[in-house]
1. Are any residues in segment 92-103 surrounded by fewer than 19 Cβ atoms within 10 Å (Cβ to Cβ) and either β-branched (Val, Ile, Thr) or without any contact (Cβ under 8 Å) to a residue 24 or more places away in the chain (or both), and if so, which ones?
Amino acid sequence: MKLSKIDLSSLRAIAHDDNGLKLLIERENEIEYIEIPAPLAAYEGLQLLDRIMASTPAIAPSEEIEMLPACSSMAAQVGYDEEREILQIEFNSGAVYQYSHVEPELWEDLQSTDSIGSFYNHEIKGYYPSQQIE
């Protein structure tokens, strides 16, 4: 079996009919409608995945994470709690997200990257459980 990383974070809605899956995907500030020929089992699998992800324990923002300024067109600040393995990113939009189960090595790589936005899109977004906290 070959495993692949899949980013489903931009998937906003799914449906299924006799012709297959119907998907609403957010791309930047627009919603795109896509139809994919697929059996009902694909739809049921996506619903199951959604239920599993929804049951992932929420990240408790009980302890503040020290933030560092980011030189990025995407992020204003980044921070990491090594004990809880939580990465926190404040985007330039003002939204703040926490990502759980982030290894210390990824935090080190993020700090040394030339492009936080590119690193985020290829290594973080869609690969770690996340929660918007602000």
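1. Residues satisfying the conditions are ASN92, SER93, GLU103.
For (1) among the acidic types (Asp, Glu); (2) at pLDDT below 95; (3) in the same structural domain as GLY126 (by TED's automatic domain parsing); (4) closer than 14 Å to ILE124 by Cβ, each residue gets a yes or a no:
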position: CYS71; (1), (2), (3), (4): no, yes, yes, no
position: GLU82; (1), (2), (3), (4): yes, yes, yes, no
position: LEU87; (1), (2), (3), (4): no, no, yes, yes
position: SER93; (1), (2), (3), (4): no, yes, yes, no
position: HIS101; (1), (2), (3), (4): no, yes, yes, yes
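The values are calculated or read from the model by the stated rules, or taken from the named source; none is laboratory data. None of these values were measured; they are calculated from a predicted model. Please note: Cβ atoms are built from the backbone with ideal geometry, for glycine as well, and neighbour counts cover all protein chains shown.
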